[in-house]
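Below: one structure, written as structure tokens.
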Amino acid sequence: MTASRHMTSYNATAALSSKQRHHHEMDGSNASDGAESSNQRLGVRQVDADRDQAPEAYLDKSGSDRGSSHSRDAYPTRLSQPPQHLWQKRREPVVHSRADEGPLGAEQLKRFERDGFLFEPEFLAPEEVETLKAELAALLEQEDLQGRDFTITEPKSREIRSIFAVHFLSERFRQLAEDPRLVDRARQILGGDVYVHQSRINYKPGFEGKGFNWHSDFETWHAEDGMPEMRAVSASIILNDNHHFNGPLMLIPGSHEVFVHCLGETPEDNHKSSLQAQEVGVPSREALRELVAERGIEAPTGAAGGLLMFDCNTLHGSNANMSPDPRSNAFFVYNRVENAMQAPFAASRPRPEFLAHRADGGWDELEK
């Protein structure tokens with residue numbers, strides 16, 4: 001069973017243009033060559049607009065450099081005025097190891113490097129999925145988790161949307177976060193030792209589950225947590241069957257190669273509202289139109305137990321769940337140890353630790 005059988009694609013100019021059919025039918029090195037050509041076309045519009053080249057684009061309303069607390073902000077965002085360019089080129093490599101240095105094969109690494117994500121159906125056995133689903137149900141019913149800062153509800157209901165720091169709250173999910181099958185994939189992609197930067201359970205109930213705007217996780221982690229470089233990868237394990245109608249995650253392949261500058265300075269305690277509906281740190285519609293026109297949209301779907309790994313900078317979002325079927329997943333972010341958090345690049349203070357764990361693996365909330 002291949003990943004292509006579990007992928008719904010969208011092309012902005014046609015339901016499936018001949019160019020996109022050609023892109024999906026290519027294999028091996030031809031696929032890589034096709035992606036390289038596509039990225040070169042994107043590169044015509046990509047200008048490395050850092051502070052050295054266009055410093056006036058990154059000043060706040062007072063004329064001060066918003067990254068003045070850092071020696072250099074490689075990825076300026078949350079700008080008060082529109083920048084000269086919609087995006088800049090990514091600086092870091094996407095894949096840092098070879099196929100013989102981990103569980104992912106050469107073709108899988110090529111696909112991840114090209115698209116910014118990789119979907120592996122049937123990653124977990126059915127009995128593993130059932131155990132995790134039972135643990136999820138128990139957590140959703142646990143009264144002492146209701147109303148806590150790390151438990152996020154739907155904007156217009158008391159239905160739980162996310163439980164953060166889940167590997168601290170559940171032994172089963174801690175074991176999953178530390179499972180060598182996940183950790184070794186993260187280490188292979190990132191090329192070094194990793195720690196869990198963030199963990200959570202996402203639950204999108206039937207009929208009630210709302211969508212989430214397009215965004216890059218790295219943009220938020222850089223702006224509000226102080227993640228300096230694109231050296232993190234997300235692992236999302238599907239706990240309920242994902243189909244076209246229950247709000248599966250959508251991704252823009254190849255979008256990880258550019259950093260889209262976002263407008264709007266970060267409000268105080270932005271996480272209290274952004275975790276329900278993100279309004280700051282979202283790409284402009286102009287940038288989205290250009291990226292989708294060039295690369296389309298893909299939505300991995302399939303049976304519970306599949307694994308979606310995606311680069312920290314891949315643009316993604318989801319629609320509302322209008323079906324009766326819930327959609328849930330376990331989500332772990334692995335960050336390279338050397339990429340530990342600094343001071344936030346575009347916020348007055350760091351977000352709480354349930355959103356950005358320390359590299360030493362601690363969480364002070366457990367001591368309260």
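Were the residues from Gln81 through Arg285 laid out at 0.36 nm apart, the gain over their Cα-Cα distance would be 71.9 nm. Region 213-230 and region 309-346 have their alpha-carbon centroids 10 Å apart. Residues Met309, Met322, Met341, sorted by accessible area with the largest first, give Met322, Met341, Met309 [1.4 Å probe; ligands and nucleic acids excluded]. When the pairs Lys89/Lys110; Lys110/Lys210; Lys133/Lys210 are compared against a 23 Å limit on Cα-Cα distance, Lys110/Lys210 fall above it. With R₀ fixed at 35 Å, the C-beta to C-beta distance from Arg98 to Ala303 puts the FRET efficiency at about 0.70. Note on Glu130 and Glu178: the extension gain reaches 15.4 nm, defined as 0.36 nm multiplied by sequence separation minus the Cα-Cα distance. Around the amide H of Val194, modelled in the peptide plane, lie the amide H atoms of Val337, all under 5 Å away and 5 or more residues distant in sequence or on another chain.
The values are calculated or read from the model by the stated rules, or taken from the named source; none is laboratory data. These numbers come from a predicted model, not from an experiment. When we count neighbours, we look across all protein chains shown, and the Cβ atoms used for this are built from the backbone with ideal geometry, even at glycine. Note: accessible area is taken over every heavy atom of the protein model, side chains too, but ligands, DNA and RNA are not part of it. Shrake-Rupley method; radii C 1.70, N 1.55, O 1.52, S 1.80 Å.
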